[in-house]
Amino acid sequence: DQQPIPGDCASWFGTAMRAGWTWDTWPTLVWIMGYRNGHGESGCKPNVTRLRGRDRSYGLLQINTKGGLWDKPIAWGYPSLKDLCGLTVREELLDGFTNLRCGRLLFEVHAEVYGNGWKPW
């Protein structure tokens with residue numbers, strides 16, 4: 001299995017599939033990571049953070065952890081983002097697999113609760 005290359009979106013395909021993403025979600029996922037607004041959330045680089053103002057976004061999918069998004073329930077009957085993803089510190093989201101896996105779990109919760117898994121992005 002080939003190691004993903006930071007900045008090379010296509011090289012993240014295998015990691016994304018292992019993290020639970022599917023063929024049908026890949027085109028949107030890679031667009032979010034790398035191409036949206038010309039650079040995507042992270043430019044397909046796992047170590048990108050946005051810590052401006054109240055923003056606390058991490059990793060490939062720029063998962064936002066500001067305020068209650070980190071340690072309050074995501075939705076009624078669901079755990080916090082931290083607990084959903086089994087994390088202890090936000091910086092764990094800088095690992096590409098961890099970020100993609102957490103993003104997939106977030107996608108599943110939003111698909112079930114709101115009918116749109118892409119809502120967080």
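Since every read-out is calculated from the coordinates, none of them should be taken as a lab result. Every value quoted in this text rests on a predicted model; they were computed, and no experiment measured them. Glycine gets a Cβ as well: all are built from the backbone with ideal geometry, and neighbour counts include every protein chain shown.
Brief remarks on what is shown
- In this simple spin-label approximation, Phe13 and Leu69 carry label points 7 Å from Cα along the Cα→Cβ vector, and these lie 3.0 nm apart.
- Per-pair calculated FRET efficiency, R0 = 25 Å: Tyr35 and Trp76 via Cβ, rounded to 0.05: 0.15
- Label-to-label distance, nm, for residues given as Phe97 and Asn116 (7 Å Cα→Cβ offset): 3.3 nm
- Packing order of peptides 58-70, 75-87, highest average first: 58-70, 75-87 (average count of other Cβ atoms within 10 Å over each peptide's residues).
- Cβ charges +1 (Lys, Arg) and -1 (Asp, Glu), total dipole of the chain, debye: 440 debye
- Computed E for Thr49/Ile5 - FRET, C-beta separation, R0 25 angstrom, nearest 0.05: 0.80
- Using 0.36 nm per residue and subtracting the Cα-Cα separation, the extra length available between Glu108 and Thr28 on full extension is 27.3 nm.
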